[in-house]
Amino acid sequence: MTRRDCLRLALRQARGTLLRSALCVVSVAVGVCAMLLILCTVSFGRVQVQNGLEALGLSGLTVYLEKSGSGAVFSAEQADAIEDGLPVVSHAMAIKAGSGQFRTGHDQGSAVFFGVDEKLGDVMRLKLLYGSLFRQQQIDAAERVAVIDTALAQRLFRRDNVVGKEVRLVLDGSEQPFRIVGVISSQASLLTGLAGSFVPEIVYVPYSCLASKAEQTDQIFVQCIADADLGSAQTQIERFLQERQRVGGELAVRSLSGALDTADELVQLVTLAFSAIAAIAFLIAMLGVCSSLLAAADERKSDIGVFLAIGARPRDILRIFLYQAMALCLLGGIAGSAAGCAALWLLARQLPAFGAMGLGKAAVLFPAAAALGGTVCGLLPALRASRLDPVEVM
């Protein structure tokens with residue numbers, strides 16, 4: 001038999017059991033569609049999480065007091081001492097956190113205030129879009145200025161560039177007007193998407209608006225020089241504060257970059273788990289095709305015997321079953337990819353980031369993968385049919 005004859009017989013055999021073939025196609029289509037949707041959704045989610053973690057702007061080391069004790073106060077003055085006294089440190093900035101509310105003429109909400117100084121842009125990876133960050137003069141004068149992100153700017157003023165606008169902040173029960181001097185890219189979009197309105201807005205204000213340099217601070221963010229060993233830097237900072245600055249209490253020095261790496265590893269584990277679920281869905285569809293062809297091989301033993309008796313070779317029988325499995329899976333792969341791409345296209349109209357998932361490649365790769373999987377799953381029924389004894393089956 002020629003390969004064309006084998007293909008013709010395979011298609012005729014598939015039409016002979018139309019209902020079974022249709023069920024095979026549907027099962028493959030459902031498996032391929034599920035795999036495409038799961039993989040693309042997980043990929044989209046991973047990109048969004050990574051972008052959200054990067055948007056937080058955290059890097060370097062953080063120093064904080066786990067347990068207070070007698071000795072020097074852990075304050076913003078210690079941040080200056082770390083920067084001046086340790087060559088491994090390029091910048092150090094004290095952070096004073098507070099909670100309160102923001103208010104405008106038509107909106108109000110909860111906010112977390114971070115008191116920072118002029119080194120904000122050096123210590124944190126923030127993307128400044130409009131205006132500027134704080135200057136030394138503004139910090140020294142405790143000027144009522146603020147830096148917000150685009151999410152809060154849109155909420156308050158329905159636009160991004162709000163430099164020069166005024167927002168009223170409630171600090172320690174006192175409502176005060178603050179002038180917006182800078183707008184950065186959104187930092188809390190990921191958390192807001194996960195927790196909704198429970199996540200407060202982030203507002204940066206001068207450190208001197210929340211505390212003096214001599215008062216106790218919450219944390220000190222540290223940026224090390226390029227190619228610095230963070231482990232060695234952690235040890236140096238801890239010893240410096242305890243032995244030379246005599247800071248009382250138990251200090252902790254942690255790597256912010258390491259925390260983000262840990263979060264990224266968790267995202268990768270979730271991606272792997274969902275990818276395994278997609279693979280299982282596809283495998284179940286392939287096993288359905290395999291079982292269907294095994295049943296077909298048992299039902300058509302007499303026909304196979306006739307083919308072998310009139311001169312068909314075992315490899316011809318092998319080709320017939322392989323071509324049938326490939327055709328059914330290819331058709332199911334095309335249908336499943338079409339349905340999955342249509343669903344992703346509808347999602348992309350609501351979430352434009354879904355449009356970057358490479359639907360054109362998916363429309364080609366997934367049917368090809370289905371055809372390849374069908375060939376592998378059809379190998380067992382094909383081998384079983386090709387090894388039948390024509391005398392016994394007739």
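Only the coordinates and a few stated rules stand behind these numbers; no lab work does. These numbers were taken from a predicted model, which means no experiment stands behind them. Note that we place each Cβ from the backbone using ideal geometry, even for glycine, and neighbour counts take in every protein chain shown.
Remarks
- In order along the stretch 10-21, phi translates into HN-Hα couplings of 5, 5, 5, 5, 5, 5, x, 10, 4, 5, 5, 5 Hz, rounded to whole numbers, per the Karplus curve 6.51 cos²θ - 1.76 cosθ + 1.60 with θ = phi - 60° and x for Gly and Pro.
- Vicinal HN-Hα couplings computed from phi for the stretch 216-225 (Karplus, 6.51 cos²θ - 1.76 cosθ + 1.60; Hz; Gly/Pro x): 5, 9, 8, 8, 10, 8, 10, 10, 8, 5
- For K165, the residues 5 or more places off, or on other chains, whose built amide H falls under 5 Å of its own are I180.
- Distances between placed amide hydrogens fall under 5 Å for A142 paired with no residue 5 or more residues away or on another chain.
- The H on the amide N of D149, modeled in the peptide plane, is under 5 Å from the matching H of I184, each at least 5 residues off or on a different chain.
- Once the Cα-Cα distance is subtracted from the 0.36 nm per residue extended length, the A22 to S232 segment shows a gain of 69.1 nm.
- Taking θ as phi - 60° and the Karplus parameters 6.51, -1.76 and 1.60, the scalar couplings of the stretch 26-43 work out to 5, 5, 5, 4, 5, x, 5, 4, 4, 5, 5, 5, 5, 5, 5, 5, 5, 4 Hz in sequence order, x denoting glycine and proline.
- 13 Å beta-carbon shell around C209, net charge (K/R +1, D/E -1): -1
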